[in-house]
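Heads up: the structure comes next, in structure tokens.
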Amino acid sequence: MLSSTADHLFWMARYTERAENTARMLDIHLQSSLLAGGKSEDQRSQAARAMLTISELEPAYFEAHGDEANDVISSDSVLRFMVTNASNASSIYSALYAARENARAVRGALTTELWETVNVTWLELQERLANDTWTLDMPAFFEWVKHRAHLTRGVTSGTMPRDDAYRFVALGNALERADNVARLLDVKFFEGTAAALENWDAMVDKGEYYHWAAILRSVSGFEIYRKTYRDTITPARVAELLILRADMPRSLMAAMNALCNQLGRLANKRSSQTIRHAGLLQAQIQYASIDDILQQGLHAYLTQFLERINAIGQGISQDFLVA
């Protein structure tokens, strides 16, 4: 397969997954701001800044909004920046546009059903963003974004042959999911109010309970958590589910399993180092315990994971894609 074709397929999948995960992160922010008693304006601003920080979007936000943004970050302006702002490469608008453009560039490598799904998503997005109609029911809009991403993956799985084209799509999905789930879980630690996880587990705090329940729902993990632990929701168990459990579809372990599987099938003469780094990270998650992770510090662990998954992404680009 031409590296340019592989590049378009890989990024089509990454941008689709990125749009979905941005919607999930924004949905958590929206739900948290409406929890028991709500949050003060300062707390909402702090949570909004946390999303920008963990998404590495603060410089782009300040550039788009001017120096006054340094004083008070408006939750509403951050929502718009991460949904509709065309200058933000990680906004839902930009991600779905980029996914469509990458798909258009390699229509011959896609099934008709997959191309139509990606194209219709882009066309419907423009209708939903017109005249700010998405703001009338933001939770419904975020659900729509997630639904379209689910549909795209389902059509991919149901119509594409298991050749290299399919594997590059799956590789892009897995890499982007690993990166974004780590960021979603780490947002809490940028809000400035996070205490030690051990203390949280000992606290009877409805606000914290609702926050972690919102995280579980945002990754379609609330019911899985109940079936797995059959107990009250605690931050440590949420972290364990989203990091270590291979049977949780959106966990880091599941994403790394999928990523290593596809890398092994796509291996070429240049990819041995990247495959080794990915396999080492997979093994370290597989044989880790939540106690070890908490002892290291969850934020430190996730920061290190993000650095390593980013290095793996760079390796994939060098080994397989357009330089």
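The values are calculated or read from the model by the stated rules, or taken from the named source; none is laboratory data. Not measured: the values here are computed from a predicted model. Every residue, glycine as well, gets a Cβ built from its backbone with ideal geometry; the counts of neighbours run over all protein chains shown.
Observations
- Candidates ALA214, ALA267, ALA255, ALA239 - the one that is surrounded by fewer than 18 Cβ atoms within 10 Å (Cβ to Cβ) and either touching a Ser or Thr at 6+ places or on another chain (Cβ under 9 Å) or among the hydrophobic types (A, V, I, L, M, F, W, C) (or both): ALA267
- Identity of the residue in the stretch 218-236, of a type outside the set (Gly, Ala, Ser) and surrounded by 18 or more Cβ atoms within 10 Å (Cβ to Cβ), that ends up nearest to ASP186 (Cα to Cα): PRO235
- The set of residues in the stretch 270-310 being surrounded by fewer than 14 Cβ atoms within 10 Å (Cβ to Cβ) and of a type in the set (Lys, Arg) consists of ARG270, ARG276.
- The set of residues in the stretch 311-323 being part of a helix (DSSP H, G or I) and surrounded by 12 or more Cβ atoms within 10 Å (Cβ to Cβ) consists of ALA311, ILE312, GLY313, GLY315, ILE316, SER317, GLN318, ASP319, PHE320.
- Looking only at the stretch 213-272, and only at residues there that are at pLDDT 90 or above and in contact with an Asp or Glu (Cβ under 7 Å, 6 or more places away or on another chain), the one that is nearest to HIS299 (Cα to Cα): SER271
- Test: GLN282 is under 20 Å from the mean Cα position of the chain (by Cα), within 18 Å of LEU242 (Cβ to Cβ) and modelled with pLDDT of 95 or more: yes
- So VAL187, is it over 30 Å from THR5 (Cα atoms), in contact (Cβ under 8 Å) with a residue 12 or more places away in the chain and within 20 Å of the chain's Cα centre (by Cα): yes
- Considering residues of the stretch 129-172 that are among the basic types (Lys, Arg) and surrounded by 15 or more Cβ atoms within 10 Å (Cβ to Cβ) only, the residue farthest from ARG107 (Cα to Cα): LYS146
- Every residue from the stretch 289-305 that is hydrophobic (A, V, I, L, M, F, W, C) and modelled with pLDDT under 95: ILE290, ILE293, LEU294, LEU298, ALA300, LEU302
- Among residues of the stretch 254-270, those that are under 10 Å from LEU175 (Cβ atoms) and within 17 Å of the chain's Cα centre (by Cα), counted: 4
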